[in-house]
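Beneath this line is the structure, given in C-alpha cells, with notes to follow.
What follows draws every value from the coordinates through simple rules; no lab data is involved. Remember, it's a predicted structure, so these values are computed and weren't measured experimentally.
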Amino acid sequence: MCLDYGPFKLVSNDQETDLQDISSIMIQEDSLKLIDSFGKTSTMSGKICEIDLMNQRIVLA
C-alpha cells in the first residue's frame, strides 16, 4: 500500500514547516538540523515527540 499524499510537515506549536525539499533531518541536543537537497542547512528548536505516518506529520515538543 502506498500512502504518498505529498511532503511531510514538521509541526511545532502552531507553526508548520513543509519538508518537501528536505533530504535529511539530524537530531541534535535540543534541536533538529534540516538539510535540503542542495546542502543548505537550517535549525529548528525542539525534540521529536511523534511521527504520524498516516497524516504525514512530524510533531515537535
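What the table below lists for this structure:
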read-out: Mean separation of Cα contacts under 8 Å (6+ apart) over length of the chain, as relative contact order %; value: 31
read-out: Extent along principal axes [Cα atoms of the chain; Å; largest to smallest]; value: 34, 28, 19
read-out: For region 26-33, 3J(HN,Hα) per residue [Karplus equation, 6.51 cos²θ - 1.76 cosθ + 1.60, θ = phi - 60°, Hz, x = Gly/Pro]; value: 9, 8, 10, 3, 10, 8, 10, 9
